[in-house]
Every structure is written in C-alpha cells, then in structure tokens.
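The values are calculated or read from the model by the stated rules, or taken from the named source; none is laboratory data. The structure presented is a predicted model; accordingly, all values stated were derived computationally and were not measured. Here the Cβ positions follow ideal geometry from the backbone for every residue, glycine too, while neighbour counts run over all protein chains shown. The accessibility values were calculated without ligands, DNA or RNA, using every heavy atom of the protein model including side chains. Shrake-Rupley method; radii C 1.70, N 1.55, O 1.52, S 1.80 Å.
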Amino acid sequence: CTALKEVILPDNLTKIPNGTFSECEGLESIVIPDMVTSIEKWAFNECTSLKTIEFGSSLISIDDLAFDECTSLTTLKFNDGLETIGENAFRWSYSIKSVTIPESVNYIDPRAFNNAFAESGTVKVYVKKDSWADINFDSYKTLSENVQKVYY
C-alpha cells in the first residue's frame, strides 16, 4: 500500500490489530482514536514515511515491534494512561529526537528503542521526576550517548 498517505480510523475502534498497516510505505500520519487501548505487533511495521502519530487518550499498551522501522518519526508524545511499551516497539527508526513519557508508564522493555534515536544532535526524553520512566531511564535509553533525560 505505497499510495496510502493518510487513514481516518473509526471512533469506536478499540485496538489496532497485528500487521494492520505493515509496510504501508506512503503512510505519513495517523491519529489513534480515543477508544483504542492497544496497538498490536507489527501494526505499523516499516511505515517508512510515517512522520506524526497522535496517540488517543485510552491507549494502555504498545506491543512488540508495533512501529518497527518507522524511519521518519522524530517526535513521540505518549498519552497519559499509557502503561507499557513492548520489545523493539520503535526499533530501527533511527530518527527519533524527542520522546515524552507520561507518569502512568510502568514498564518499557529495555529494547523498546533499539536503534530508534537519532545519531546526531541531542535526543531528549521527557519524564516526570521520580516516575518509573525516570527511575528506570538507564534501562531503556539504549547505549546512545546523546540521549538526555529532561524533567517536565
């Protein structure tokens, strides 16, 4: 589906199933409806043109490899209420420069951001002081030297 650039999902959708938009190389933006509670494996795998994601207010989990190889993503701002980010969820994205993690997150797999952060410039990860994301920052920031924790 290389020609698909934008999708409007129904408001009553409760999950994005496995592989739904996998390899939709032309998809540029997505708005996750407020009723969606989970984004499953490979839902947006290899959506290499995906630049913006607006996460809905009910999202609880982002499964393994959900946004694997989304190489145009630069900014991630997760909704309050998100609890888990799975293994390799954003693996090989290479271009992420900013991530905002809400206080509600209680688990990020150590490999969630494998090769996801931009190699040049400073990558900022915004966390709430004393939250799980703050206390466990070193476990998921990967080996990137340019990743900086910032309190909001």
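Where in the chain lies the longest segment free of GluC sites (Glu not before Pro) that are both loop residues by DSSP (not H, G, I, E, B) and have at most 12 other Cβ atoms within 10 Å?
Of all site-free stretches, the longest is 1-118.
Rounded to two decimals, what is the ratio between the C-alpha radius of gyration of the range 92-131 and 2.2 N^0.38 Å?
On the way: Rg = 11.0 Å, N = 40, 2.2 N^0.38 = 8.9 Å.
Working it through for the range 92-131, the quotient is 1.23.
Considering only ILE8, ALA133, ASN146, whose Cα is most displaced toward the positive end of the charge dipole of the chain, charges sitting on Cβ of Lys, Arg (+1) and Asp, Glu (-1)?
ASN146
For the chain, give the magnitude of the charge dipole about the Cα centre (Cβ charges: +1 Lys/Arg, -1 Asp/Glu; no others), in debye to the nearest 20.
The dipole of the chain has a size of about 380 debye.
Distance in nm between label sites at ASN12 and GLU28, each 7 Å beyond Cα in the beta-carbon direction?
3.1
Over 26 Å between C-alpha atoms is what I'm after, so list which of LYS41/LYS77; LYS5/LYS149; LYS41/LYS129 land there.
LYS5/LYS149; LYS41/LYS129
Please calculate how many Å² of accessible area the range 1-96 carries per residue, with a 1.4 Å probe and no DNA, RNA or ligand atoms counted.
With the other protein chains kept in place, the range 1-96 gives 46 Å² per residue.
For the range 2-81 and the range 90-106, what is the separation of their C-alpha centers, rounded to whole Å?
13
Could you work out the per residue convex hull volume over the alpha carbons of the range 36-118, in cubic angstrom? Before the final figure, lay out each step's value.
On the way: hull volume 5.6 nm³, N = 83.
Taking only Cα atoms, the range 36-118 has a hull volume of 68 Å³ per residue.
Ignoring trypsin sites (Lys or Arg not before Pro) that are buried or in helix or strand per DSSP, and keeping those with at most 14 other beta carbon atoms within 10 Å, what is the longest stretch of the chain between them?
Values: sites that count: LYS5, LYS129.
The reported range is 6-128.
Carbon and sulfur: what percent of the chain's accessible surface (1.4 Å probe)?
48
Classify the range 66-113: rounded, prolate or oblate, from the alpha-carbon gyration tensor (a ≥ b ≥ c, eigenvalue square roots; a/c under 1.5 rounded; otherwise prolate if a/b is larger than b/c)?
Numbers: a/c = 2.43, a/b = 1.41, b/c = 1.73.
Oblate.
Note down the relative contact order for the chain as a percent, whole number, built from C-alpha pairs under 8 angstrom at least six residues apart.
That works out to 15 percent.
In the chain, if every C-alpha pair distance is counted and binned at 10 Å from zero, what percent goes to each bin?
Per 10 Å bin, starting at 0, the Cα pair percentages come out as 13, 45, 34, 8, 0.
Kirkwood hydrodynamic radius of the range 101-152 from all distinct Cα pairs, in Å?
Every distinct Cα pair counted, the radius reaches 11.2 Å.
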